[in-house]
Amino acid sequence: MCSLVIYGLVALNPATQYLPLPLQPPSIKTQNMGKNKQRTKGNVRPSSSGRAAELLARESGAVPGFVGFGNMATTELGYVPAVHGAEEIDNLVDADFRLVLRKLSKRDTVTKLKAAQEFGAMCQQRDSDVVKGVLPYWPRIYCKMSVDHDRRVREATQQAFEQLVLKVRRSLAPYLKSLMGHWLLSQCDTYAPASSAACQAFSAAFPPSKQAEALSFCKDEVLTVLQDNLLKETADTLSDPQSVPEEEREAKFLRLLTSSLLGVKRLISSLPQTETHSLQDRLTHLLSQAKFWKYSKHQTPQVRGAFFELMSSLCEHSPVVVQAEAARVCPTVLLALDDTDPMVLPPLWEAVLHTLSTVTDCWSHVNAKKGVLPKLWSLLRDGGKGMATSLHPNLLPFISKLPSEVTAPDLDFYTTFYSSLIQGLSRERAISSPSESSAIVVSSVECLRYTLLQNTGEEEEHRLIRTMIIQQQLLPLIDSALGNSSLQAGPLFPLVTEMLLSWEKRAGLQNLGGLSEGENEVVFDRLLSDFWEGLRVMLARHVSNEELELNELEGMASLLQVGLVFLLFMKKRSVKICFSEPESSVSPEEVAVTLKHPQPEPPELGQGSTEGVLRSWHLEEIVCQQAQISYSYVDEKNSERHLVYLSLLLQTFHTPRVFTRLLATSEEEKLKAKDDQKEVEGVFPTNPAVHFLLEHVVLWLSQEDSYLVEMVFSCLRCCGRQETTRILNHITTMDLKWAVLLQIIHKACADAASLQACSDWLKGSVLGERLLGLAEELCEAGLKGSGTAPDKDSWALISLALSQYHNNEPLIGAVYVEKMIEKLHGTLSAAKGLSEEGDLEPLVCFICDVASTFFSSVTHCLLLPSAEELLLTVFTLTAQDRTLTHMSGNDHTHLCRVMTTHTHLYNNDQTHTHTDTPVSGNDHTHLYNNDLTHTHTQIHTHLLFPLSESRLSTLQVLCPCLTPEERERLIALATAGILNWQEDNSKNTQTHAILLLCCLEVGSPVDEELLHAVLATMMEWRNSKEDWFLFSSDLSKTSTTQLSLSVEMMRFLSWLVTHSSKIITGSHWDFLLCSMLAWLETASDNVECLWNPWVQLFVCECCELIVRLNQFFTAPPPGVADLMPSELTAEWNDFFVEGIYSLMLPLPEAFAEPDDPLFPLAVLRSVGVALTYVPLHHLSHNSLPVRFVADQKTNLPEKLQTLLNTLSPLLLFKARPLQLTVYHILDKVMPTLPECDGEGDNTKSDDDREEPCLSPPAALMSVLSTCEELCETILSGLCVGEFAVVVPLSVEYSCILAYLLAWKLLLSFFRAAPSHLRVQYSLYLKKNKTLHKLLLHLFRLMPENPTYPGQGAESAAKETKTFFTESLSLDIDSGYQHTLHHLACSVYYSTVQDLPAMVRLWWTSQEKRVSHAVDKFTGRYVSSVLSAQEICSVHASTQTFDSMTVKARSAAREVIATYSVDDIFIELVIQLPQNYPLGSIVVESGRRVGVAVQQWRNWMLQLSTYLTHQNGSIMEGLALWKTNVDKRFEGVEDCTICFSVIHGSNYSLPKKACRTCKKKFHSACLYKWFTSSNKSTCPLCRETFF
């Protein structure tokens, strides 16, 4: 009776329709599915959920809770109140909220996720009174969902909770204690977005000032929840072992453990101190449990890390509790030092430091010598095992907390400690990682400084420790850094220098009072002496090594430079440094920023320097010693490395003392080694830097090395401005190589200070005369044409002197710039008359390069009369015929480049006038004044006409930059040349036609009368000079001029059709179209002449004209259609198109394989573009020679089969344009081919063994089969998911392109086929495994990240474009860079769109690795796009159904179909999966009226079957399902095997009837029944089926 009542409750109470099905007893369910009997005899009362609830309450003696059937053995928490008298409470909850709360209790993740999002939206939209009705039921649901396994559900739950909090505000207070435990847990969620959302909800509920109070109010309940999680719960108690997988249970338990440990930490750190004391008893109880301490050794790093975080917090906020448990705390924390997991180490060391500070007797609980320190030494020797950045910053506070009984004996302890610490630098991780190395170095130096400060006494032990640190640790560390570039670039040198500066202050050398109480100045003075002496010996040993590498010398110079930089930096800051008191805030990072330019700011050139900048004499003394040793090696052994080292030293240390010591070294033999500085200064009473520069550095300058120039300027920094000028003048007059002078000028212009100091020299007469003499020497040598190549450095020096301007002033004196330009102009003028006598190409090229640089870099350069003269000369040479000037092609190219540079100059400054500038009285001073246009036109008229080849080239270059008036004059002159044509001078006509086209193509306006006249002249040529048109000519015997004239006529007609078609009248159209057809016929007759580039150009322009005409007749410009002759369009379509494509369609076969380097690829491209306009009608009725293949089965007409047999093999042609051309042609006919197959394969009788299959077009499948084999060979070495790199335009590229294009055609054919044929085609593909191979190949060809190229930074905020969101362009003349990748993605998208069932079947049959890769890629890039398109196609569908309406919800990815007939109403909801189409489409039940449950379920199953197994769209599946339902209502019985009227795959009706029971079945269903059961009996009556 109990089970009976429960079934009634579930079945009839509409509020419980969402309860799980297992509550229905199987026996009753079977009984009701059978005969329609009453369940109990005499039971005439209907079932009632209210009476069922009363019965349950009366029999069990307890009222069931509101959470579903809470008394039963189920872990699912329902919502619905199911007790008598609960209707009033239930009525407080809004109906929509009731529905959402039921969904929140479901097991399905997607359902819960959507329900949480819907709940949050409803809380936002509804009134607060309505939302408050949910509060009594929310805590139980929230506590369950906040620990859900799916992280998205947890995040959505917190977001929904925030909306609830914002709406109900204070009304949440009564339920706070039941929520707070899991709320705090959620704030410590290991999934950051979920914890962030929980914290945000907490902040929304309580302002910061009230949050501690809220936690204090619920602290007992919170701690109870957390303790239960830590001490009582297990993976099996948290989740049902029978329904939840083990991995999921374990993951949930570990996450809850971590969150609970962090939750306790958060609780005690958030409570006020008074409230924390009240929890001491409970915390003591927690720490007394053995299970709690096991978490310190948990196998999961997350748990261990959270445990140590909690220990740190306990030490900080509850030290009494920790002290009481010291016997457990200390071993647990201190003996775990060797745990180097990245998630554990930071909190572990925080706990270590807190433990040492909190527990006073911590070392009495552990053995430091045996348990702690050995682990520490091992960890340090390994460099922290890759965790130095987290570990080493803790070492200084760690050793500062160690008592003497742990470190005794101190010398051994510190020796082992620092040896282990520095040894870690040699580990591979520290070598390869700059951050790891820096962390070890910083920690080492900090600890060294601390140890030295702690051992400043006079005791023997302290002295030994100091000696050990300096001699055995610090100096060897610096020594190892000298040859290590990574250590040099790190913070070691700045840190050591900072430490030295601190010692100097403590020793009283800085007079800043930096000594603390109890410190001894003598100790620090001795430390400094020991260090500097050790460093001096070490550097001297290094620099004296003849085999020393250059990088070690650079490291030594870097060390000394860093010392100087830091000293100067500290001098500027003037801060007090004291280690035991607040120290300088200068960090190594600040020094590193300064050291980006490692040299300190030197004294400006010309300012002089009379005294050193260093406070410490130690550093300068070492520098002097290093410089002396380096100089001796340079002087005695010519050591270049030591010279480089000396240059590096002097760049930073350019003090008089250094130069004095260097001079003393150089004069030792002369002065008999007089060491006294005063005596040395007596020998050199003047500036020692000048002496060193003049006596030594200048002699070395002949080596052309840049570091020697640096040494010159290092010496000059000690000189005044006048001295600088005199010295540089002296260097200029020396017989040095020009490359040295070029480097000196570059260095002088390097910065503003150097430029100012050297300005007198740069603008002086010495440098100016020297450069002018160089220019004259170069020009004279060039005019002689000696044949030897000029010195490039010399011309670079001239170019630099002319083009460098500062503050609108030339680098050298203006008078010398003028003279040099005049010299270049004179030389270029002389060159044009001497070109035939000698080789002047190098001279002209160099002058043009200098002039181009000058005109492009100097503003208002044309203000110089000599510059105008130079430009005019260049222009004249450019415009003249090369046969007159005898200039070479290279000369002419350089001259044109100068003119191009000038043209841009002229365009930018065209409006600039120079009326306020005095000019000299020569003939061309007003070339760029206000009458500029007139002067230009005169130049063009006089210099460029009559036209020659070179002059025409010049005009083609200048035409885009000319003014409209200039171009108008050129058009007039060109038109006049065409109209005044001469019969025997086609060359002149051709050049004028080229000039006219050149002006027209840049958009120059032209009078229509001129165009009429030119067109009429061409028609006149047709009558009198037909041979100019080359109709029916042999192009191999035609001259270049004749071909060029025909090409220009085609170009003119193409331009006319596109830009000025209104002027073309009836006779003009006849001339144009007939000429075009005649030219095409000529081209088709001369295919064998395509090796000639001019013939190629002829064919290309003919095809271009055809393309322009096709575009014109397809879409005439506005207003032109009315002016056209009425019969013109019909003539074009009926006659000319037929003629064009009768000639063009056979052309693709005329090309041989493109192995010849002269292969006419441009012709192929142009022919292909023209063929893409071929109309479908002509393809269906083509005039190609008949071509059939033996044993080829086909239903196609003769013309179509010939077209396929002719063009399909060309897909494998090794030229991309032809492959794309064939694709575009065949793509037009593919949609028409399925209709030729009629009803499909009807050759088999109804009694046949299996379903019929039909092959797609055999010609296409033959190409596809060939491509498959080739692709298998190419891609055989790659696994699915590995990206194949294909070289563009290679043979492999052509094979793969053909394969993908063939599949594009096949999918286009499949898409156009009706449903019944689609089944047969798909069966053929399935049997041959063609699609299987395609999908494997695609996942080797599609890029791992199919992001569309060319997306700028502005598109980052928008949705990223991919190859699936952007349409594919297969234009023949487009780029090919990403075509293959995009094409592969396009084929895959079309495949999953048109063949979803077959793709789904393939996916489920793959191994786990492949299916995972396919699912991940499809879900990430394809599913969202495809789902959106399916939904949009439903929205945009014009297909209408009787009695059925279809609508879509884009946001929910749902399609809702509503079917209504008479009193029957059916609503079905189609839900697309996240990985559509791989995942199965879910069909959910909506509303239904008048339909039995069984029939309803059958129809849902049928729709699900159709959508899953049919290769089509959702609309096609719905149409099929509606047809099935209609047949059912028309009385057609369904097949009792598949329970459907229409078969799910071949769409047939039940036709095979049993002779005994008369029941009809589908043929395919019967075949499957017979083969699977191995019987021949009727499925229903079990009689033999005949």
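The values are calculated or read from the model by the stated rules, or taken from the named source; none is laboratory data. Predicted model only: the values in this text are computed from it and were never measured. FYI the Cβ positions are ideal-geometry reconstructions off the backbone, even for glycines, and counts take in every protein chain you see. Keep in mind that these areas ignore ligands, DNA and RNA; they rest on the heavy atoms of the full protein, side chains included. Shrake-Rupley method; radii C 1.70, N 1.55, O 1.52, S 1.80 Å.
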Exercise for review: Kindly establish whether R449 is in contact (Cβ under 8 Å) with a residue 24 or more places away in the chain, over 17 Å from V352 (Cβ atoms), open to solvent by less than 40 Å² (accessible area, probe 1.4 Å) and of a type in the set (K, R).
Suggested key: yes
Review point. So which residues in the stretch 1372-1400 are open to solvent by 50 Å² or more (accessible area, probe 1.4 Å) and without any contact (Cβ under 8 Å) to a residue 40 or more places away in the chain, if there are any at all?
Key: G1375, H1378
Practice item. Starting from the stretch 220-238, take each residue that is within 16 Å of L261 (Cβ to Cβ) and list its partners that are open to solvent by less than 50 Å² (accessible area, probe 1.4 Å) and not in a helix (DSSP H, G or I), counting only C-beta distances under 8 angstrom and pairs at least six apart or across chains. Key: L223/L279; L238/V147
Review point. Restricting attention to the stretch 1292-1329, and to residues there that are among the polar types (S, T, N, Q) and either crowded, with 18+ Cβ neighbours inside 10 Å or more than 41 Å from the chain's Cα centre (by Cα) (or both), which single residue is modelled with the lowest pLDDT?
Key: S1315
Point to revise | Residues located in the stretch 1263-1278, provided they are closer than 18 Å to A1413 by Cβ and surrounded by 12 or more Cβ atoms within 10 Å (Cβ to Cβ) | key: L1275, L1278
Practice item. Scan the stretch 787-809 residue by residue and report those that are at pLDDT 70 or above, open to solvent by 20 Å² or more (accessible area, probe 1.4 Å) and more than 44 Å from the chain's Cα centre (by Cα). Key: E809
Study note, to complete from the structure: Checked the stretch 295-311 for anything closer than 11 Å to M343 by Cβ and open to solvent by 20 Å² or more (accessible area, probe 1.4 Å); matches are T300, P301, Q302, R304, E309
Point to revise | Selected residue (only one of V153, V147 is modelled with pLDDT of 90 or more, in a loop (DSSP other than H, G, I, E, B), open to solvent by less than 30 Å² (accessible area, probe 1.4 Å) and within 30 Å of R249 (Cα to Cα)) | key: V147
Review point. Of the numbered conditions (1) in contact (Cβ under 8 Å) with a residue 40 or more places away in the chain; (2) outside any helix (DSSP H, G or I), L1000 satisfies every one except a single condition; which is it?
Key: (2)
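Take A204 and decide whether it is part of a helix (DSSP H, G or I), open to solvent by less than 10 Å² (accessible area, probe 1.4 Å) and touching an Asp or Glu at 6+ places or on another chain (Cβ under 6 Å).
On the way: part of a helix (DSSP H, G or I): yes; open to solvent by less than 10 Å² (accessible area, probe 1.4 Å): no; touching an Asp or Glu at 6+ places or on another chain (Cβ under 6 Å): yes.
Considered against the rule, which asks whether it is part of a helix (DSSP H, G or I), open to solvent by less than 10 Å² (accessible area, probe 1.4 Å) and touching an Asp or Glu at 6+ places or on another chain (Cβ under 6 Å), A204 comes out as no.
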Practice item. Could you tell me which residue of the stretch 1571-1581 is most open to solvent (accessible area, probe 1.4 Å), considering only residues that are touching a residue at least 12 places away in the same chain (Cβ under 8 Å) and more than 12 Å from C1538 (Cβ to Cβ)? Key: L1580
Check your understanding: Could you list, in sequence order, the residues of the stretch 1125-1179 that are part of a loop (DSSP other than H, G, I, E, B) and modelled with pLDDT of 80 or more?
Key -> P1125, E1127, L1145, P1146, T1172, Y1173, V1174, P1175
Practice item. Output the number of the condition that I629 fails; it satisfies all remaining conditions of (1) modelled with pLDDT under 80; (2) assigned to a helix (DSSP H, G or I). Key: (1)
Practice item. Output the number of residues of the stretch 98-114 satisfying the condition of being surrounded by fewer than 20 Cβ atoms within 10 Å (Cβ to Cβ) and in a loop (DSSP other than H, G, I, E, B). Key: 3
Practice item. Of the numbered conditions (1) buried (at least 16 other Cβ atoms within 10 Å of the Cβ); (2) farther than 21 Å from G490 by Cβ, P409 fails exactly one; give the number of that condition. Key: (1)
Review point. Within the bounds of the stretch 414-421, is there any residue that is touching a Lys or Arg at 6+ places or on another chain (Cβ under 6 Å), crowded, with 17+ Cβ neighbours inside 10 Å and of a type outside the set (S, T, N, Q)?
Key: no
Review point. Hey, which of the helices (runs of 4 or more DSSP H) in the stretch 477-573, taking only ones fully inside, have at least 2 residues that are open to solvent by less than 20 Å² (accessible area, probe 1.4 Å) and at pLDDT 70 or above?
Key: 492-506, 521-543, 550-573
**Study point:** Which numbered condition K210 misses (of (1) open to solvent by 50 Å² or more (accessible area, probe 1.4 Å); (2) closer than 18 Å to Q302 by Cβ)
**Key:** (2)
Review point. Restricting the stretch 113-131 to residues that are charged (D, E, K, R) and at pLDDT below 90, which is farthest from the chain's Cα centre (by Cα)?
Key: D129
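Which members of the stretch 754-779 meet the condition of being touching a residue at least 40 places away in the same chain (Cβ under 8 Å) and open to solvent by 50 Å² or more (accessible area, probe 1.4 Å)?
Within the stretch 754-779, Q756, K763, S765, E769, E776 meet the criteria.
Which of the residues that make up the stretch 681-737 are among the hydroxyl-bearing types (S, T, Y), open to solvent by 40 Å² or more (accessible area, probe 1.4 Å) and at pLDDT 80 or above?
Taking the stretch 681-737 first, the residues among the hydroxyl-bearing types (S, T, Y) are 686, 702, 706-707, 714, 724-725, 732-733.
In the following step, the residues that additionally are open to solvent by 40 Å² or more (accessible area, probe 1.4 Å) were identified as 686, 702, 706, 733.
Within the stretch 681-737, just T733 meets the criteria.
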